[in-house]
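What follows is a short report on a single structure.
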Amino acid sequence: MKQEPCVLSIGMGPGQLEFIRRLKDLGFKVAGFGKGKNSPEAEALLDYKAELDTSDFKSAKNWVDSLGVAITAVGSFAGGRAVATTQRLANYYKAPTAVPDFLLAGTDKIEQQKLYVKYGLSTIPTWRASELTPEDVWAAADADFIIKPSVGRGSEGITIVSRAELEDAVRRNAMHADTVIQGVRIGREYRCLILIQDHAIKLLAPILRKSYRDTVFLGVLKYSEQDLDRLKAFVGAFVEKTGIRSAVIKADIIVSERNIDVIEMDIGVGGGTYFKKFISRLYGTDIMDEYIGLITGKKLSDFQVKYGNLRMDYVFNRFPLPIEYDLETCRRVLTEKLGKCELQINVLHPETKGGYQSNADFIFTVMYESAEPIDRFLADDIANQSLFRTVHA
């Protein structure tokens, strides 16, 4: 008896809800798993569901195998540990977006960096704290260094230090042995969404990014063609070297005059729901449908930029206390000052706590068209100066 075809969703939290809903609208059977902050609405839509951690490939594989269905596609908009699970399951079920096994670097940033160096994607010096000596620090060409956990997400726990500060930390043995240290490259930083189908780049969205006020969190995203030709050649060489057939890639890339360096690259996930909506509006298409088409083997359409001045500002709570705000007032005031705006509320609702500790703590994003420089936090200034009200405990 022929098995029933089914799409597998890695995660069933709020960020996966739209993905699961759209699959159901298109008539697919959908299985999904996740653990922790699951969405009851997403769970209700699924044909098969399980309370399993998205990092647990073995348990997920065993559960899916027990269902008696034919997995024809694997997809996710989750990040962190779900990235590796998504790609391992796509490979295991021989989905259209399966990639060569040697690209499954997992979530360890040192192993990822080794992969980038091997395929010419990065020249950034990288060490584990346990392997770094003061002599290494002073021999490096970079003036500043970034310190981050070996496994992490949302830019949490990341700090930037000077050469002298790093040398002092090394001499005092002040870092955990697995902590990752990298040189800080100066250049234009992009968050790229890349769709590859039949060994060809179908989409490379070059989104210039500005980090939020003295952090490495997302602050402003804006479309820029300044380095598009170099980026296409760079990614094209990687596709040719590795033999990737079809894949979605979210990559953070630094472009300088001499080098192009990948900071981080996720193969197999769609880059998050907020980023997806920005890309959809930029190209005047539904990138969710394009993503579903890619993972299910449907031929992708051509992409043309529709709103070249589109930008998306991330708005954080700059107060040390929780805040409250009126959504309609925010929409009205921001539209009056910036032009027609589209707001995306953070489904995790970080307004219930003060300040911000990670990239996931933004209050909402604001999409609008503007030729203003990317280094101005326009929407964030307006919201924090006139729209947010602190809530005292």
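The values are calculated or read from the model by the stated rules, or taken from the named source; none is laboratory data. In this text the structure is predicted, and so the values were computed from the model without any measurement. Positions of Cβ are generated from backbone atoms using ideal geometry, with glycine treated the same way; all protein chains shown enter the neighbour counts.
Considering only the stretch 113-133, how many residues are over 24 Å from Phe234 (Cβ atoms) and either surrounded by 16 or more Cβ atoms within 10 Å (Cβ to Cβ) or among the basic types (Lys, Arg) (or both)? Outline the logic, then answer.
Just the residues of the stretch 113-133 that are over 24 Å from Phe234 (Cβ atoms), to begin with: 127-133.
Keeping just the survivors that are either surrounded by 16 or more Cβ atoms within 10 Å (Cβ to Cβ) or among the basic types (Lys, Arg) (or both) gives 127-129, 132.
The qualifying residues number 4.
Do you know which residues across the stretch 366-393 are within 23 Å of Val216 (Cα to Cα) and assigned to a helix (DSSP H, G or I)?
Result: Leu378, Ala379, Asp380, Asp381, Ile382, Ala383, Asn384, Gln385.
Any chance you could count how many residues in the stretch 344-362 are out of contact with any helix residue (DSSP H, G or I) (no Cβ under 6 Å at 6 or more places or on another chain), surrounded by 16 or more Cβ atoms within 10 Å (Cβ to Cβ) and not charged (D, E, K, R)?
Qualifying residue count, the stretch 344-362: 7.
Which numbered condition in (1) part of a strand (DSSP E or B); (2) at pLDDT 90 or above; (3) more than 18 Å from the chain's Cα centre (by Cα) is the only one that Trp127 fails?
(2)
Restricting to the stretch 11-47, name every residue that is crowded, with 16+ Cβ neighbours inside 10 Å, part of a loop (DSSP other than H, G, I, E, B) and among the small types (Gly, Ala, Ser).
Listed by number, the residues that qualify are Gly11, Gly13, Ser39.
Could you give every pair whose Cβ atoms fall below 8 Å, whose first residue belongs to the stretch 375-393 and is in contact (Cβ under 8 Å) with a residue 40 or more places away in the chain, and whose second residue is among the polar types (S, T, N, Q), counting only separations of at least 6 or pairs across chains?
Within 8 Å, the pairs are Leu378/Ser370; Asn384/Asn317; Leu387/Thr329; Phe388/Asn317.
Please verify whether Leu294 is farther than 30 Å from Ile71 by Cα, outside the structural domain of Thr72 (by TED's automatic domain parsing) and of a type in the set (A, V, I, L, M), treating the condition exactly as stated.
Details: farther than 30 Å from Ile71 by Cα: no; outside the structural domain of Thr72 (by TED's automatic domain parsing): yes; of a type in the set (A, V, I, L, M): yes.
No, not satisfied.
Output the number of the condition that Met367 fails; it satisfies all remaining conditions of (1) assigned by TED's automatic domain parsing to the domain that holds Lys202; (2) surrounded by 17 or more Cβ atoms within 10 Å (Cβ to Cβ).
The number of the failed condition is (1).
Based on this model, can you work out whether Ala360 counts as part of a helix (DSSP H, G or I), within 20 Å of Leu282 (Cβ to Cβ) and within 23 Å of the chain's Cα centre (by Cα)? Give the steps one after another, and end with the answer.
Details: part of a helix (DSSP H, G or I): yes; within 20 Å of Leu282 (Cβ to Cβ): no; within 23 Å of the chain's Cα centre (by Cα): yes.
Considered against the rule, which asks whether it is part of a helix (DSSP H, G or I), within 20 Å of Leu282 (Cβ to Cβ) and within 23 Å of the chain's Cα centre (by Cα), Ala360 comes out as no.
Can you pull out every residue in the stretch 48-89 that is assigned to a strand (DSSP E or B) and farther than 19 Å from Arg245 by Cβ?
Passing the criteria: Tyr48, Lys49, Ala50, Glu51, Val69, Ala70.
Using the structure shown, decide if Met312 is crowded, with 21+ Cβ neighbours inside 10 Å, closer than 18 Å to Thr365 by Cα and under 18 Å from the mean Cα position of the chain (by Cα).
Criteria met by Met312.
Give me a count of the residues in the stretch 222-241 that are β-branched (Val, Ile, Thr) and over 20 Å from Glu257 (Cβ atoms). Full working, then the answer.
Start the filter on the stretch 222-241 by keeping residues that are β-branched (Val, Ile, Thr), which leaves 235, 239.
Restricting the remaining residues to those that are over 20 Å from Glu257 (Cβ atoms) gives 239.
Here the count works out to 1.
The rows are residues; the columns are (1) free of Cβ contacts under 8 Å to residues at least 12 places away in the same chain; (2) over 23 Å from Leu343 (Cβ atoms); (3) acidic (Asp, Glu); (4) surrounded by fewer than 21 Cβ atoms within 10 Å (Cβ to Cβ).
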residue	(1), (2), (3), (4)
Gly243	no, yes, no, yes
Ala247	no, yes, no, no
Arg258	yes, yes, no, yes
Val262	no, yes, no, no
Asp266	no, yes, yes, no
Val269	no, yes, no, no
Thr273	no, no, no, yes
Thr296	no, yes, no, yes
